[in-house]
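In what follows, a single structure is set out as structure tokens and then discussed.
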Amino acid sequence: MENQLAYKFDDAQTADRFLNRLKSGSVKGVRAKRFKGSTSILATYVIESSDGFDRTCQELDDLAATMGGSEISIG
């Protein structure tokens, strides 16, 4: 199953750093691109966890938080 999460940052420079970290493979299996402007990023990945806990989501949330970002609604 594919999952998408969007993150908002205070400025475009920080969003770029987050995007570059994801594109470099910092969080395994995640594809990323800009989302609705220069300060938000959309992360997409396939949920492969068999134990019911989605570790990728937590890793993305933690990485975004260290850069001052927060999850936003996609809709």
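The values are calculated or read from the model by the stated rules, or taken from the named source; none is laboratory data. If you're wondering where the values come from, they're calculated on a predicted model, not measured in any experiment. When we count neighbours, we look across all protein chains shown, and the Cβ atoms used for this are built from the backbone with ideal geometry, even at glycine.
Identify all residues within region 22-75 that are farther than 13 Å from Ala6 by Cα, touching a residue at least 12 places away in the same chain (Cβ under 8 Å) and not polar (S, T, N, Q); write none if there are none.
Val27, Lys28, Gly29, Val46, Ile47, Glu48, Asp54, Glu59, Met67, Gly68
Condition test on Lys36, is it part of a loop (DSSP other than H, G, I, E, B), on the phi > 0 side of the Ramachandran plot and modelled with pLDDT under 95?
It is true that Lys36 is part of a loop (DSSP other than H, G, I, E, B), on the phi > 0 side of the Ramachandran plot and modelled with pLDDT under 95.
If you go through region 64-75 one residue at a time, how many are assigned to a loop (DSSP other than H, G, I, E, B) and surrounded by 14 or more Cβ atoms within 10 Å (Cβ to Cβ)?
Result for region 64-75: 2.
Here is a list: Asp51, Asp61, Asp16. Which entry is surrounded by fewer than 18 Cβ atoms within 10 Å (Cβ to Cβ), out of contact with any helix residue (DSSP H, G or I) (no Cβ under 8 Å at 6 or more places or on another chain) and modelled with pLDDT under 95?
From the options Asp51, Asp61, Asp16, the qualifying one is Asp51.
Counting just the residues of region 19-33 that are surrounded by 11 or more Cβ atoms within 10 Å (Cβ to Cβ) and among the polar types (S, T, N, Q), which one comes out modelled with the highest pLDDT?
Asn20
So is Arg55 under 9 Å from the mean Cα position of the chain (by Cα) and of a type outside the set (Phe, Trp, Tyr) or not?
No, not satisfied.
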